[in-house]
Amino acid sequence: MRVEWLANTLLASLTSLVLGLAVVGVLLAVLGYDPIEAYELLFRGAIENISIAVDRMALYVLTGLAFAIPALAGLFNIGGEGMAYLGALAALVVGYLVPNPLAVLLAGGLVGALLGVFVALLKLYRGVHEVVSTVMLNWILYYLARHIVVVYLKDPRYPDVSKPLPPQARLPPVEGVHTGLLIAVISAIAAYVVVYHTRIGLYMRATGFDVDAARYQAVNVKLASLASMALGGFFGGLAGAVLIACELYKLDVALSSLYGVGFNGIGVALLAWNHPLGTIATAALVSSLFAGGYNLQLHLDLDVHVVTGIVGVIVFSLGLPSIYTLVQRRLVLRKVGQT
């Protein structure tokens, strides 16, 4: 049964990939480009720009977890973007005050967790759907973070960026190993242990599968929702802190280094069927595609938005089987609840 499910999943993913590449090929042909040449540049660039892929992969694993864990509890956290903004901002501020790498990472994770709890409380006690609240908070936090960087954290020598993180608060590569990626992989393993080998993880999954059945079995649904959003928020905020502590050590005033990481994390989670360990592999795939996109910009002179759209079509097509399964399950549970 397990082998059959795996074979069907691989077949569905392969079919979706072919569909996505076909759509991209048609779009490129309409724009006057050779699709075969573009595919070659895309996949060659994914290998050649490995350092860019590794940097992005660390962030995508964490924002993927920010979506996947609440999704397993039946919540759709679209706020990974805002959590990353807030986490990066907190990491910078704490890094200035307490120049310690652990403090920087914890600050980013904790503010993300608090934001996740806030979103869960809005839903549980005020009936505000998490999709609505997180989308609104993404924009609020984006402009709030930009304002704070421009007004309070700006580097007087370089007005387009914040003051750099103190050297003693940084986590540079160790023996050539990207520390941010190491943190992301450890986070995915820890998330797997919590979700699949603890009581609260069982509560989360039971709530996500059927909330009414979970209540009937005396599962604390509110606790499961709060815990899933807190844990997802922690990883979302940690993504921003990793960018600051392990990669850039500063923020630009437009937050361009973080823009889109939360939404790409949703794609990573869906491709992994919301499995914490699966986000490692799917983040590697998505980050490699974006790294390959730089070749399209360089050799075909494609606009960055066109390249983003091309990669987005491929990622979306790969996520179609997961999206279909989630929607189908929701419809079945709704129909059962009405009978």
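Residue 47 fails exactly one of the following numbered conditions: (1) surrounded by fewer than 24 Cβ atoms within 10 Å (Cβ to Cβ); (2) modelled with pLDDT of 95 or more; (3) among the aliphatic types (A, V, I, L, M). What is the number of that condition?
(2)
Which of (1) touching a residue at least 60 places away in the same chain (Cβ under 8 Å); (2) under 18 Å from residue 248 (Cβ atoms); (3) out of contact with any strand residue (DSSP E or B) (no Cβ under 9 Å at 6 or more places or on another chain) does residue 23 not meet, given it meets every other one?
Answer for residue 23: the failing condition is (2).
Within segment 48-70, is even one residue out of contact with any Pro (no Cβ under 9 Å at 6 or more places or on another chain) and in a loop (DSSP other than H, G, I, E, B)?
There is at least one residue in segment 48-70 that is out of contact with any Pro (no Cβ under 9 Å at 6 or more places or on another chain) and in a loop (DSSP other than H, G, I, E, B).
Let me spell it out: the conditions are (1) closer than 23 Å to residue 248 by Cα; (2) part of a helix (DSSP H, G or I), and residue 131 meets all of them except one. Which number is the exception?
Unmet condition: (1).
Conditions tested, residue by residue: (1) in a helix (DSSP H, G or I); (2) under 14 Å from residue 273 (Cβ atoms); (3) at pLDDT below 80.
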| site | (1), (2), (3) |
| --- | --- |
| 294 | yes, no, no |
| 298 | yes, no, no |
| 302 | no, no, no |
| 309 | yes, no, no |
| 312 | yes, no, no |
| 317 | yes, no, no |
| 320 | yes, yes, yes |
| 324 | yes, yes, yes |
| 328 | yes, yes, yes |
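Take residue 123 and tell me if it is of a type outside the set (Ser, Thr, Tyr) and farther than 22 Å from residue 89 by Cα. It would help to see each step written out before you state the result.
On the way: of a type outside the set (Ser, Thr, Tyr): yes; farther than 22 Å from residue 89 by Cα: yes.
Yes; evaluated as a whole, the condition is true for this residue.
Looking at segment 102-116, I want the residues that are closer than 13 Å to residue 240 by Cβ and have a partner that is crowded, with 19+ Cβ neighbours inside 10 Å and among the hydroxyl-bearing types (Ser, Thr, Tyr) with Cβ atoms under 9 Å, at least 6 apart or on another chain. Which pairs are those?
Between residues of segment 102-116 that are closer than 13 Å to residue 240 by Cβ and residues that are crowded, with 19+ Cβ neighbours inside 10 Å and among the hydroxyl-bearing types (Ser, Thr, Tyr), the close pairs are 115/134.
Please go through segment 145-186 and give me each residue that is of a type in the set (A, V, I, L, M, F, W, C), in contact (Cβ under 8 Å) with a residue 60 or more places away in the chain and in a helix (DSSP H, G or I), ordered by number. Don't jump to the end; show me each part of the working.
Let us first name the residues in segment 145-186 that are of a type in the set (A, V, I, L, M, F, W, C), namely 145, 148-151, 153, 161, 165, 169, 171, 174, 177, 181-186.
Filter again for in contact (Cβ under 8 Å) with a residue 60 or more places away in the chain, leaving 145, 149-150, 153, 161, 165, 169, 171, 181, 183-185.
Residues satisfying the conditions are 145, 149, 150, 169, 181, 183, 184, 185.
Within segment 72-112, restricting attention to residues that are under 12 Å from the mean Cα position of the chain (by Cα) and within 30 Å of residue 213 (Cα to Cα), which residue is surrounded by the fewest Cβ atoms within 10 Å (Cβ to Cβ)?
Checking each candidate, the answer is 78.
Please work out which residue is modelled with the lowest pLDDT, limiting yourself to segment 122-171 and to residues that are basic (Lys, Arg) and closer than 25 Å to residue 103 by Cβ.
The qualifying residue modelled with the lowest pLDDT is 154.
Could you please find all residues in segment 115-127 being surrounded by fewer than 22 Cβ atoms within 10 Å (Cβ to Cβ) and touching a helix residue (DSSP H, G or I) at 6+ places or on another chain (Cβ under 7 Å)?
Within segment 115-127, 117, 122, 123, 124 meet the criteria.
Among what's in segment 54-71 and is surrounded by fewer than 24 Cβ atoms within 10 Å (Cβ to Cβ) and aliphatic (A, V, I, L, M), pick the residue that is modelled with the highest pLDDT.
71
Tell me, which residue of segment 81-137 that is touching a Lys or Arg at 6+ places or on another chain (Cβ under 9 Å) and of a type in the set (A, V, I, L, M, F, W, C) is nearest to residue 258 (Cα to Cα)?
Once the filter is applied, the top-ranked residue is 92.
Does residue 81 satisfy the criteria of being of a type outside the set (A, V, I, L, M, F, W, C), assigned to a helix (DSSP H, G or I) and closer than 30 Å to residue 129 by Cβ?
Working: of a type outside the set (A, V, I, L, M, F, W, C): yes; assigned to a helix (DSSP H, G or I): yes; closer than 30 Å to residue 129 by Cβ: yes.
Against the criterion (of a type outside the set (A, V, I, L, M, F, W, C), assigned to a helix (DSSP H, G or I) and closer than 30 Å to residue 129 by Cβ), residue 81 qualifies.
The values are calculated or read from the model by the stated rules, or taken from the named source; none is laboratory data. Everything numeric here is computed off the predicted structure, so don't read it as measured data. Every residue, glycine as well, gets a Cβ built from its backbone with ideal geometry; the counts of neighbours run over all protein chains shown.
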